[in-house]
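See below for the structure under consideration.
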Amino acid sequence: MNVSRAEICVVACAEAWRGDGEILASPMGTVPTIGARLARLTFAPELLLTDGEAMLIADVPALGRPARVVEGWLPFRRHLALVTKGRRHVMMGASQLDRYGNQNISRIGDARRPDRQLLGVRGAPVNSLNHPVSYWIPRHSPRVLVERVDMVCGVGYDRAAAAGPAATRFHGLRRVVTDLAVLDFETPDRTLRVRSLHPGVTAEEVRAATGFPLDVPSDVPRTRPPTADELRLIREVVDPDGLRDREVRT
């Protein structure tokens, strides 16, 4: 099968929700959204999906199309209840991410005179301390994967450990999916390592695109490609307009 890098990334994002059960999937970005919908249609039928506003949807519409079946109302206060009870797995973006998983989406540069003002902290601290969190990085580069973030928004493993049991009780960073690889924190010191390399990507490319020393196991596998049925669902059902290729062009 002729499979694009974007489609590899979609499957990698979908896999982040495998085994989660009946929780709310909150994807942020085009590729994670396709991934969550693909997971719902295949190996994770219990996942809860929203219309992006305040409705839980029972069907899985194509990107940009309205849902045909609504199964519940999810106003902001109920959404927050899911967050604080751990019944949500969000895949957020990151303007900066360090080896321990500290995430920055607020500003670039010194606090007294930032070079750039970004989204702001938003709900990142509460997300990262109360329920599973993964990250999607469509451009793997040393500007994003950095030695030290300019501001901590999402809490990494080192800072959670320093804060004590109240912070670590529900803290859990699952996956980091980039356009080059899938990474996780399954190391003794809870730092990033490469879980799989996307087809056609070398360990040297990933190391060169990372702003800190990165563990790449010698036997690291390749990220799995979509099955024939998954590829059909991606191309014909979830993303018939090919929006995934606007986010990942390689």
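If I model a spin label at Asp241 and Ala54 as a point 7 Å from the Cα along the Cα→Cβ vector, what separation in nanometres do I get?
Roughly 2.5 nm, to one decimal.
Around Asn130, what is the net charge, scoring Lys/Arg as +1 and Asp/Glu as -1 over all other residues with Cβ under 11 Å from its Cβ?
Within the 11 Å Cβ shell, the charges total +4.
Pick from Val155, Val83, Val201: which is most flexible by mean-square fluctuation in a GNM of the chain where alpha carbon atoms under 10 Å apart are linked?
Looking only at Val155, Val83, Val201, the biggest GNM fluctuation is shown by Val201.
Restricting to the chain, compute how many DSSP beta bridges are antiparallel as a %, nearest 5.
Bridges in the chain are about 50 percent antiparallel.
Among rounded, prolate and oblate, which fits the range 151-206 when a ≥ b ≥ c are the square roots of the eigenvalues of its C-alpha gyration tensor, a/c under 1.5 means rounded, and a/b larger than b/c means prolate?
It comes out prolate by the Cα gyration axes.
List, largest first, the extents of the alpha carbons of the range 127-175 along their principal axes, each in whole Å.
So the three principal-axis extents are 33, 19, 13 Å.
How high is the relative contact order of the range 1-109, given as a whole-number percent (alpha carbon pairs under 8 Å, six or more residues apart)?
With pairs under 8 Å counted, the relative contact order is 23 percent.
Counting helices only, and only those DSSP H runs with n ≥ 4, report the 222 nm mean residue ellipticity of the chain as the sum of -39,500 (n - 2.57) divided by its residues, in deg cm²/dmol to the nearest 500.
-6500 deg cm²/dmol
Extent of the range 142-250 along each principal axis, from alpha carbon coordinates, in Å, largest to smallest?
Sorted from largest, the Cα extents of the range 142-250 read 47, 31, 27 Å.
Please express the shape of the range 1-144 as an equivalent ellipsoid: the semi-axes are the square roots of 5 times the eigenvalues of the C-alpha gyration tensor, given largest first in whole angstrom.
Semi-axes, largest first: 27, 20, 14 Å.
Over the range 1-50, with a single point scatterer placed on each C-alpha, what log10 of the ratio I(q)/I(0) does the Debye formula yield at q = 0.32 1/Å?
Results for the range 1-50 at q = 0.32 Å⁻¹ read -1.24.
Hand me the trypsin sites (Lys or Arg not before Pro) from the range 82-167 located in a DSSP loop with no more than 10 other Cβ atoms within 10 Å, in residue order please.
Arg112
Sequence gap at least 6, Cα distance under 8 Å: using those rules, report the relative contact order of the range 75-124 to the nearest whole percent.
Computed over the range 75-124, the figure is 20 percent.
Need one word for the range 203-250: rounded, prolate or oblate. Basis is the Cα gyration tensor (sqrt eigenvalues a ≥ b ≥ c); a/c below 1.5 gives rounded, then a/b vs b/c decides.
Judged from the Cα gyration tensor, the range 203-250 comes out oblate (a/c at least 1.5, b/c at or above a/b).
Would you kindly state how much longer the chain becomes between Glu186 and Arg232 on full extension, computed as 0.36 nm times their sequence separation minus their alpha carbon distance, in nm to one decimal?
Result for the pair: 13.3 nm of gain on full extension.
Between Arg65 and Ile108, how high is the FRET efficiency from 1/(1 + (r/R0)^6) when r is the Cβ-Cβ distance and R₀ = 25 Å? Nearest 0.05.
0.10
Hey, got the dipole for the chain? About the Cα centre, +1 on K and R Cβ, -1 on D and E Cβ, debye to the nearest 20?
620
For the range 150-214, which chymotrypsin sites (Phe, Trp or Tyr not before Pro) are both in a DSSP coil and crowded by at most 16 other Cβ atoms within 10 Å?
Phe170
Give the relative contact order (percent, whole number) for the chain; include only Cα pairs under 8 Å separated by 6+ residues.
22
Read the figures in this text as sums done on the coordinates, not as results from a lab. Everything numeric in this text was worked out from a predicted model, so none of it was measured. All Cβ positions, even for glycine, are placed from backbone atoms using ideal geometry, and neighbour counts span all protein chains on display.
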